[in-house]
Each structure stands twice: as C-alpha cells, then as structure tokens.
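Engineer: Below is a structure I'd like to ask you about.
The values are calculated or read from the model by the stated rules, or taken from the named source; none is laboratory data. Quick caveat, the model's predicted, so the values are computed rather than measured. All Cβ positions, glycine included, derive from the backbone under ideal geometry; neighbour counts span all protein chains shown. Calculation scope for accessible area: heavy atoms of the full protein, side chains included, ligands and nucleic acids excluded. Shrake-Rupley method; radii C 1.70, N 1.55, O 1.52, S 1.80 Å.
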Amino acid sequence: MEAIHILLAEDNEGDIMLTKEAFAASKLYVRLSVVKDGQEAIDFLTAAGQYAGAQLPDMVMLDINLPRKNGHEVLKFIKENNGLKHIPVVMLTTSSLERDITRSYQNHVNCYIVKPVEVDAFLALITEIESFWISIVKLPVKLNVR
C-alpha cells in the first residue's frame with residue numbers, strides 16, 4: 001500500500017508534534033509534510049521556491065490562524081486552482097466562530113474540525129481523522145497536475 005501524503009499547515013509546534021506522534025502510532029503509512037505559514041503552504045502546493053519538486057499531497061490539513069497568509073486565503077487559493085481543487089482540505093483549527101465555519105464551507109472546505117485543547121482528545125481526534133479520511137474515504141488518484 002502506498003503512503004498517503006498529507007500536507008499539514010500549522011504554526012503551533014505542540015500541535016505539529018502531537019500530529020506527528022498520532023500518525024506515527026498509526027497502522028497506516030502516512031507521509032507528513034509540514035509547513036508553518038500560509039505562504040509556505042501555497043509555495044509547497046505550487047512547487048515554488050524551496051519546495052521546487054514537491055509532490056502534491058493527497059490531502060491538506062489546514063489551520064486558520066497561520067502567519068503571512070491565513071487558512072482562509074490558502075483554502076480559497078486551493079479551491080480556485082484547477083490543478084489543486086481536487087485535493088481534500090480538512091480545516092483543523094481552534095476557532096469555533098460561526099463566521100469561520102461558514103466562510104470555510106463557502107470556500108469549499110471538505111470538513112471543519114475544532115481542535116480539542118486536551119492532549120488525549122487531540123490525539124484521539126487525529127486518529128479519527130486518519131480512520132475516516134484514509135481508511136474509509138476513497139481519495140482521488142494522484143494527478144500531480146498543477
């Protein structure tokens with residue numbers, strides 16, 4: 001079985017570490033690429049700059065509160081780009097504001113999840129995301145067309 005490639009756009013070191021830990025404990029093979037701001041996410045997805053040659057991910061896990069370009073801007077960029085819009089995007093954020101939820105769905109996010117604050121609950125959530133998006137959902141074939 002080929003690894004699923006997930007791009008994690010997250011600036012919180014603790015959440016990055018916990019996400020890596022949860023995927024490492026998985027029975028499935030996940031290749032996790034991490035970027036720490038919205039512009040880096042766009043550069044990764046377009047194989048620009050330091051990310052020249054980067055392969056498109058199978059899925060993006062995106063925080064709203066990112067430096068340089070926020071998650072809403074990155075989501076909009078992905079879903080308006082013909083070479084990227086097929087990639088499922090999971091908004092994984094601390095914001096439970098209705099305006100953030102609504103805006104995310106208006107910009108075609110595939111799902112919106114509010115991060116729990118407790119470590120055990122966060123680890124369990126990542127396991128659930130993995131279970132659903134990797135074990136149950138059928139993802140599109142890698143197109144690698146930008």
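Engineer: Give me the percent of accessible area attributable to carbon and sulfur for the chain, probe 1.4 angstrom. Mind showing how you got there, number by number?
Structural biologist: On the way: 3970 of 7570 Å².
The C+S portion of the solvent-accessible surface of the chain is 52 percent.
Engineer: Still on this structure, I have one more. Suppose every K and R has +1 on its Cβ and every D and E has -1 on its Cβ; what is the size of the dipole of the chain about the Cα centre, in Debye to the nearest 20?
Structural biologist: Its charge dipole is roughly 600 debye.
Engineer: Accessible area of F23, 1.4 Å probe, to the nearest 10 Å²?
Structural biologist: Looks like 10 Å² after rounding.
Engineer: Which value, in Å² and to the nearest 10, is the accessible area of H86 when all protein chains are kept and the probe is 1.4 Å?
Structural biologist: Around 50 Å² of this residue is reachable by solvent.
Engineer: Keeping all protein chains in place, calculate the accessible area per residue for segment 6-146 (probe 1.4 angstrom), answer in Å².
Structural biologist: Working: 7210 Å² over 141 residues.
Solvent-accessible surface per residue comes out at 51 Å².
Engineer: Sticking with this structure for a sec: Going toward the positive end of the dipole of segment 1-99, with +1 on Lys and Arg Cβ and -1 on Asp and Glu Cβ, which of I64, L92, F77 do you reach last?
Structural biologist: Positive-end residue among those listed: F77.
Engineer: Full-extension gain between R68 and S131, please, as 0.36 nm times their residue separation minus the C-alpha to C-alpha distance.
Structural biologist: 19.5 nm
Engineer: In 5 Å bins starting at 0, how do the alpha-carbon pair distances of the chain split up by percent?
Structural biologist: 2, 10, 21, 25, 23, 15, 5, 1
Engineer: How would K69, K76 rank on accessible area, largest to smallest, probe 1.4 Å?
Structural biologist: Of K69, K76, the descending order of accessible area is K76, K69.
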